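Read the structure below first, then the notes.
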Amino acid sequence: MATECKDYSFQKIEAHWQSFWETNQTFRTSDDRSRPKYYVLDMFPYPSGTGLHIGHPEGYTATDIVARYRWARGCNVLHPIGWDAFGLPAEQHAVKTGAHPRLNTEANIKNFRRQLKALGFSYDWSREVNTTDPDYFKWTQWIFRQLFQHGLAYVDERPVWWCSELKTVLANEEVVDGRSEVGHHPVERRNLRQWVLRITAYADRLLAGLKDLDWPDSTKRMQEAWIGRSEGAEVLFQLEDPALGSLRIFTTRPDTLFGCTYMVVAPEHPLVPALTTAVQQEAVEAYRKTASRKSDLERTDLAKEKSGVFSGSCAINPVNGQRVPIWIADYVLMGYGTGAIMAVPGQDQRDWDFAKAYALPIIRTVQPPAGFNGGAFVEDGPAINSANPEISLDGLGVAAAKEKITIWLEGKRLGERKVNFKLRDWLFSRQRYWGEPFPIVWVDEADYERALSCPEVARPKVPVTFRRDGRTFCALALPEGALPLRLPEVTSYQPTGNGESPLAAIPDWIDVWYHPVTGEAAPASGPRPEGPLWIRAKRESNTMPQWAGSCWYYLRYLDPRNPSAISDRKLLDYWGVPDLYVGGAEHAVLHLLYARFWHMFLHDLGVVREPEPFRKLFHQGIILGEDGEKMSKSRGNVANPDSVIGEYGTDALRLYLMFLGPLEAMKPWNPRGIEGVFRFLNKVWREYVGEDGGPHPKISAAATDTPEIERLRHETIRKVGDDIEALRFNTAISQMMIFVNALQKAPAVSRGTALAFLQLLAPFAPHLAEELWARHGEPPSISRAPWPVYDPARLVLEQAKLVFQVNGKVRGDQLVRVGLPQSDAVEFARAHPRLKPYLEGKSVKKIIYVPGRILNLVVD
RNA sequence: GCCCGGAUGGCGGAACGGUAGACGCUCCAGACUUAAAAUUUGGUUUCCGAAAGGAAGUGCGGGUUCGAGUCCCGCUCCGGGCACCA
């Protein structure tokens, strides 16, 4: 079964065992539901043209170790991989070459698959998924269809980030510093019709769910900040001109209402034209124009200085009847709250800055402590200047004052409690070819009603419509039976440039005769097919963003070929959600938030049992180049997995990646460091293989281990197991090195000990471990042998080195038996020659004795 | 500006509040070899010392403690995230 080589020929060994695993389907997951399950998931890669980056095998090796460890612990392990294969680079490549993005994507996947297989990962390759496969995205479309039917998807004409270079719309989070995250192109605001998912409907649950997740705190905090829940009140300010009605504002500090000296509305606020008086007309117009022309880059750059213009109108402060001027300023955003605020310069630094700039009055309504000489006072303190004949907040702390004034406002119907979120609805459409087509057609109102009059055609909870050229169009979801809706072939991948995808340029696909019950379609250029129900329809030309396919892929692995469901009910119940999810921290908000949203929705539908998709999450740290800088082609500091494997083998690469430092840490790649683990593997080989290639003669069933080896065996089993469970692979490896160093010095070692160590090594360096296991006559695969156990009783030392301290300074040590009483320990210390000079003539004030560790004598 | 995380030998990094520097890299010296590589033995925080040993030492300044890399307070620097969210 083993190879024939006499020395550590890692190429031969690794190729041999990889083909063994493949032939024997060693890591094929069974659906034997009698065994405990363990589902360990990697973030599946986007198969880029540049191949695997060294960061991929880092996280993937970690999960592979865990997977192999769980196999050995008798678990039914699910450890799958797949491809997040829709994406912009493939489309850009298609635009450039004219070749179908599928071809490029397939070639890249082939390369990725080859590279991952060369790393010897224990994936169940029969469960591979590919987000671009129609059998896969059928279910992405199915989930979207459900979202649509449940009123969680809608279209909206909204200002979005338009990138003229990419000729597409980008989501807020895809725009970094006023440029596209992909390609770093300039972007601008444009109003376009877009599909939007109502993720804000889940804001509270997305926030609340975080607290029970075993995730890095930093990631939880980032999601928390992103969701951005804040409690406050909406308050109505009557406008001075009663004909104009009232202005609704949101504040988190209703307690400071008495300190409101002016108000601000966003430049885009719908009331601006009405509020603007004739005298101010020109100034307001000019200001609005400047604000609209500002790119976000400028807006953030100019964040320091506040600007604004007086509208000419005033409002009445509901608590004291004061006239307050209404200003227009771009430090208030239309997209948050009501797009209007009451400004309280005494308690808000932004308002303070603005008031100073425009010489507006400032009233403090919270008493700052004596000696406070800053601007706005935002801390807690007693309220002042906050009373009218009906209510007084004076003397109350912030929380109590908020409560009191809110009750008062609600009683007078002047305002109400309100919770606001920073989280916005999710912009879900892209003007691209290479994405999932929306399973949606647009029909006119009359046809919509005709279609819905058929009992087979389900009516969405909330109709989705839009108006164009004076006509209203309504969205109809394709029936489930018509899924998947495939991508049509196109002649050009070039976007139309007017905000529509290349799909809009295929008349026979986009304009159709449509049958709302069956979802069948025929080109509108042809004759209307026979039958009463055929209506004219226009397909949705947008496609879904790349996040769509990655929102639910972990569910498809459970049952990847199922033609009639996301996964079989029984399998969903058995496998549930991943027990461990490992991937980069760059997905802390986007992917992980979107996937949680979809999962919660699927939970509501009854598709999945658990409310959260990823109970335990871990981020592997970034591997930097040798120079300590981020790896990049331009810096020329990129480590290539292929060449490392060629030189040292996969086992050495895997071991080194794990030995580099803590998994979560950012750490530099050191090409010389790999020599160390390579030597270690060679040393293991030499200890296990004799000159004839058979088992090393010093290992025998008859041999007795030295007490040191015996103890170290148990110690190592304990440490390696504990470390794997805690994902501390670097210290697990040093423990194995310690063990092998001891092995090397031992004259003989028992077969049992030797085999147990191989099992510990197997998750880390599986090829070498399998090889040595086989050479010692054990049946493969080593990953099926039950994980060795340690005896805690063997870990207890009979003797321990007791350290003597005088006044906290180490002055000597001595080997003593473990249960030594304190009096004897003190005796030993007094007799110790090195302690004599420090104890002579001194009286011992205090004795601290930690048995087996330390004896500290405090003298004067 | 706000919120996190980090700082330990020449380097990557170890250290339940209990001998700081495990393990590995680098470097030095010895063995083996005609020689080199590989292997192997020993050394490798700094300073004083021939040695025994002593002193200092975990970014900086304080504190708690018999004892602090570890806990607390105040800084510096580096990295990451957010950024007018009312």
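Scan region A:658-669 for residues that are within 6 Å of RNA strand B (Cβ to nearest atom) and either in contact with a Phe, Trp or Tyr (Cβ under 6 Å, 6 or more places away or on another chain) or not in a loop (DSSP other than H, G, I, E, B) (or both) and the total you get is 2.
Checking the stated criteria, residue A:545 turns out not to satisfy the condition of being closer than 21 Å to residue A:134 by Cα, out of contact with any strand residue (DSSP E or B) (no Cβ under 6 Å at 6 or more places or on another chain) and not basic (Lys, Arg). Of all the listed residues (A:51, A:55, A:82), the sole one being of a type in the set (Gly, Ala, Ser), under 24 Å from the mean Cα position of the chain (by Cα) and crowded, with 24+ Cβ neighbours inside 10 Å is A:82.
Rundown of residues vs (1) of a type outside the set (D, E, K, R); (2) without any contact (Cβ under 8 Å) to a residue 12 or more places away in the chain; (3) in contact with a Pro (Cβ under 6 Å, 6 or more places away or on another chain), yes/no style:
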site: A:549; (1), (2), (3): yes, no, no
site: A:553; (1), (2), (3): yes, no, no
site: A:557; (1), (2), (3): yes, no, yes
site: A:570; (1), (2), (3): no, no, no
site: A:591; (1), (2), (3): yes, no, no
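Taking the numbered list (1) under 52 Å from the mean Cα position of the chain (by Cα); (2) in a loop (DSSP other than H, G, I, E, B); (3) without any contact (Cβ under 8 Å) to a residue 12 or more places away in the chain in turn, residue A:793 passes all entries but (2).
Only residues that are closer than 22 Å to residue A:76 by Cα and outside any loop (DSSP other than H, G, I, E, B) were counted in region A:575-622, giving 7.
Test residue A:748 against the stated conditions and say whether it is over 39 Å from the mean Cα position of the chain (by Cα), within 13 Å of RNA strand B (Cβ to nearest atom) and surrounded by fewer than 20 Cβ atoms within 10 Å (Cβ to Cβ). So residue A:748 fails the test. Per the listing A:71, A:142, the residue uniquely out of contact with any Ser or Thr (no Cβ under 9 Å at 6 or more places or on another chain) and either assigned to a helix (DSSP H, G or I) or closer than 30 Å to residue A:722 by Cα (or both) is A:142.
Within region A:787-800, being touching a strand residue (DSSP E or B) at 6+ places or on another chain (Cβ under 9 Å) and either surrounded by 12 or more Cβ atoms within 10 Å (Cβ to Cβ) or among the polar types (S, T, N, Q) (or both) holds for A:799, A:800. Look through region A:292-315, keep the residues that are among the hydrophobic types (A, V, I, L, M, F, W, C) and modelled with pLDDT of 65 or more, and return whichever of them is nearest to residue A:239 (Cα to Cα). Ranking the candidates gives A:315 first. In summary, residue A:418 fulfils each of the numbered conditions (1) in contact (Cβ under 8 Å) with a residue 40 or more places away in the chain; (2) among the basic types (Lys, Arg); (3) farther than 30 Å from residue A:205 by Cβ with the single exception of condition (3). Within region A:380-404, the set of residues being surrounded by fewer than 21 Cβ atoms within 10 Å (Cβ to Cβ), touching a residue at least 40 places away in the same chain (Cβ under 8 Å) and not in a helix (DSSP H, G or I) comprises A:385, A:387, A:388, A:391, A:396.
Restricting attention to region A:405-437, the residues that are outside any strand (DSSP E or B) and under 30 Å from residue A:132 (Cα atoms) total 11.
Out of curiosity, is residue A:462 touching a residue at least 24 places away in the same chain (Cβ under 8 Å) and touching a Cys at 6+ places or on another chain (Cβ under 6 Å)? Show your work before the answer.
On the way: touching a residue at least 24 places away in the same chain (Cβ under 8 Å): yes; touching a Cys at 6+ places or on another chain (Cβ under 6 Å): no.
For residue A:462, the condition - touching a residue at least 24 places away in the same chain (Cβ under 8 Å) and touching a Cys at 6+ places or on another chain (Cβ under 6 Å) - is not met.
With respect to the conditions (1) at pLDDT below 95; (2) within 16 Å of RNA strand B (Cβ to nearest atom); (3) surrounded by 16 or more Cβ atoms within 10 Å (Cβ to Cβ), residue A:783 falls short on a single one, namely (2). For region A:686-725, filtered to residues that are out of contact with any helix residue (DSSP H, G or I) (no Cβ under 9 Å at 6 or more places or on another chain) and not in a helix (DSSP H, G or I), the residue that is nearest to RNA strand B (Cβ to nearest atom) is A:691. Within region A:786-801, being touching a helix residue (DSSP H, G or I) at 6+ places or on another chain (Cβ under 6 Å) and within 16 Å of RNA strand B (Cβ to nearest atom) holds for one residue alone: A:795.
Which residues, counting only those in region A:670-685, are basic (Lys, Arg) and either assigned to a loop (DSSP other than H, G, I, E, B) or within 26 Å of residue A:631 (Cα to Cα) (or both)? Spell out how you get there, then give the answer.
At the first step, the residues of region A:670-685 found to be basic (Lys, Arg) are A:672, A:679, A:683.
A:672 - this is the single residue of region A:670-685 that is basic (Lys, Arg) and either assigned to a loop (DSSP other than H, G, I, E, B) or within 26 Å of residue A:631 (Cα to Cα) (or both).
Output the residues belonging to region A:768-780 that are farther than 17 Å from residue A:70 by Cα and either surrounded by fewer than 24 Cβ atoms within 10 Å (Cβ to Cβ) or basic (Lys, Arg) (or both). Please lay out each step first, then the result.
Restricting attention to region A:768-780, the residues satisfying the condition of being farther than 17 Å from residue A:70 by Cα are A:768, A:771-779.
A:774, A:775, A:776, A:777, A:778, A:779, listed by residue number.
In the set (1) within 16 Å of RNA strand B (Cβ to nearest atom); (2) of a type outside the set (Phe, Trp, Tyr); (3) within 25 Å of residue A:8 (Cβ to Cβ); (4) in contact with a Leu (Cβ under 6 Å, 6 or more places away or on another chain), residue A:772 fails one condition alone, (1). Residue A:377 meets each of the listed conditions (1) under 37 Å from the mean Cα position of the chain (by Cα); (2) in a loop (DSSP other than H, G, I, E, B); (3) closer than 22 Å to residue A:248 by Cα apart from (3). When residues in region A:349-374 are screened for being within 12 Å of RNA strand B (Cβ to nearest atom) and either in contact with a helix residue (DSSP H, G or I) (Cβ under 8 Å, 6 or more places away or on another chain) or aliphatic (A, V, I, L, M) (or both), 1 of them pass.
Looking across region A:824-860 at every residue that is assigned to a helix (DSSP H, G or I) and of a type outside the set (A, V, I, L, M), the one that is surrounded by the fewest Cβ atoms within 10 Å (Cβ to Cβ) is identified as A:837. Against the list (1) of a type outside the set (D, E, K, R); (2) within 15 Å of RNA strand B (Cβ to nearest atom); (3) in contact with a helix residue (DSSP H, G or I) (Cβ under 6 Å, 6 or more places away or on another chain); (4) free of Cβ contacts under 8 Å to residues at least 60 places away in the same chain, the condition residue A:764 fails is (4).
The values are calculated or read from the model by the stated rules, or taken from the named source; none is laboratory data. The structure presented is a predicted model; accordingly, all values stated were derived computationally and were not measured. Positions of Cβ are generated from backbone atoms using ideal geometry, with glycine treated the same way; all protein chains shown enter the neighbour counts.
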